[in-house]
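Since the structure comes first, as structure tokens, the remarks are kept for the end.
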Amino acid sequence: MSIVANSAVATEIGDLPDSSKPAQIPVMVPWLGDEEAQAAAAAVRSGWVAQGPRVAEFERAFAAQVGAAHGVAVSSGTTALHLGLVVLGVEPGDDVVVPSLSFIATANVARYVGANPVFADVDPRTGNLTPETIQAALTPRTRAVILVHQGGVPADLEPIRALCRDRDVALLEDAACAAGAVYRGKPVGAGAQAAAWSFHPRKLLTTGEGGMVTTDDAEWAARMRRLREHGMNVSAADRHASAKPVLEAYLETGFNYRMTDIQAAVGLVQLGKLAATVSERRELAARYQRELAGVPGLTTVADPSYGRTNYQSFWVRLADGFPVSRDDLLARLAEAGVSARRGIMAAHLEPAYADAPAPPLPATEALSLNSLILPVFHGMTVAQQDRVLAVLKAAARG
Ligand SMILES: *Cc1c(COP(=O)(O)O)cnc(C)c1O
């Protein structure tokens, strides 16, 4: 059984059922079922609902899956990025290079630590930063780069890691979208200084809200464990488990960024489904790609030469001169009962960043303004996909 209707998620994604219209095709639905419901119920029945043994188990399992030594679970992808910047040593007045083409949290977290986000452009095919675009945004004050694996498309890590090493700049990977994506045969996350993950329902693996930082650095992991729990030197779980009274100390100003054991219980089930989720999405993406290959004026996202995307976001880009504008195409899809989304946002175009330094970002603007994200979800049928394709093919004819 799949739990879809009436959940908060369905509301947020905008696909509440309406019996007067043909069934709406959602852009994304979390793949949740009885197993997750039972795991959450077991956590509730156990009496341990805050951060505890299930969080620790989820951290170990997730870190192992992405090839990192440590996982630190937190309350969201955004708080994961925030803690990542703290342990990488980013301080007030530093510059942090970020892509504008990303969910706005990527830029916001630089400001959380008092640093200045400096926007860099992206490769128009992958939507990701490149060594060249990063180089163009470096300043004498650059302390870190936040590298997003946008929509699940892996960025070209090796040359970017080399550049950051040479310039003595820290590299935080925003892998919020990238669970199950592969770079040169290894999972995204393997070998990262620090990578931040999101378990929001819009991502492939969800805990409702939630996130994680993975790293190979034991000291950073220990510090993030303290920071997520008010800066305490002993976790609440360890204090409870101890037979003797334990007096805690607060070593630095921390946060409450904990994940609950209810969420981690769901996350463990979701992690077991990740490989199946990715392969189903890759099959659906391959069919879109085959069907759209001959349609003039449309380019689809694809695997880069060096890796494999998880197709968290399947985007198509309209060429200049495509007979229908992006926004009109979204309207046509909506009329046909298809829920699609505008392409990935560009933070530098938002009022919150009107005063942030940005070199010209032509690839970012073209991709953000001329692309849209098509429905891909667990259980999507050929008939549903055909309905989406029919609208796109008709639009290409005018
Ligand atoms: C979703 C997302 C985030 C934020 O994750 P939350 O869990 O929603 O806080 C950050 N960066 C990128 C690229 C994302 O897609």
Amide H contacts under 5 Å for V118, placed H, 5+ residues apart: V96, V97, V98
Highest-MSF residue in the chain out of P360, P351, P53 [GNM, Cα springs under 10 Å]: P351
Hits among aspartates and glutamates - C-alpha to C-alpha of K203 under 15 Å, sequence gap 8 or more where chains match: E12, D174, E280
For the chain: rounded, prolate or oblate by the Cα gyration tensor [a/c cutoff 1.5]: oblate
Förster-model FRET efficiency, 35 Å R0, V234 and E91, C-beta, rounded to 0.05: 0.85
Residues with amide H under 5 Å from that of G231, placed H, sequence gap 5 or more: G254, F255
Extreme residue, positive dipole direction of the chain, given options V98, V29, G77 (C-beta unit charges): V29
Neighbour-count ranking [beta-carbon atoms within 10 angstrom, fewest first] of C177, C164: C164, C177
12 Å beta-carbon shell around P92, net charge (K/R +1, D/E -1): 0
Viscosity 1.306 mPa s, temperature 10 °C, Stokes-Einstein D of the range 34-270 from Kirkwood C-alpha radius, µm²/s: 88 µm²/s
Antiparallel DSSP beta bridges within the range 34-270, percent to nearest 5: 45 percent
Kyte-Doolittle at least -1.0, axis length at least 24 Å by Cα - qualifying DSSP helices, the chain: 261-292
Residue order, fewest to most surrounding Cβ atoms within 10 angstrom, among D174, D320: D320, D174
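Only Lys, Arg, Asp and Glu count, each charged at its Cβ (+1, +1, -1, -1), so figure out the dipole size of the chain about its Cα centre, rounded to 20 debye.
About 600 debye.
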Environment charge at M259 (Cβ cut-off 14 Å; Lys +1, Arg +1, Asp -1, Glu -1): 0
Of S371, S242, S313, the one that fluctuates the most in a GNM where the chain has Cα springs shorter than 10 Å: S242
Sequence of H82, H240 once ranked by neighbouring C-beta atoms within 10 Å, starting from the fewest: H240, H82
Antiparallel content of DSSP bridges confined to the chain, in %, to 5: 60 percent
Among A162, A243, A63: highest mean-square fluctuation, GNM of the chain, C-alpha pairs under 10 Å: A243
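Computed from the coordinates by the stated procedures, all read-outs in this text should not be read as laboratory data. Because the structure is predicted, anything quoted here is derived from the model rather than measured. Ideal geometry is used to build each Cβ from the backbone, glycine not excepted, and the neighbour counts take in all protein chains shown.
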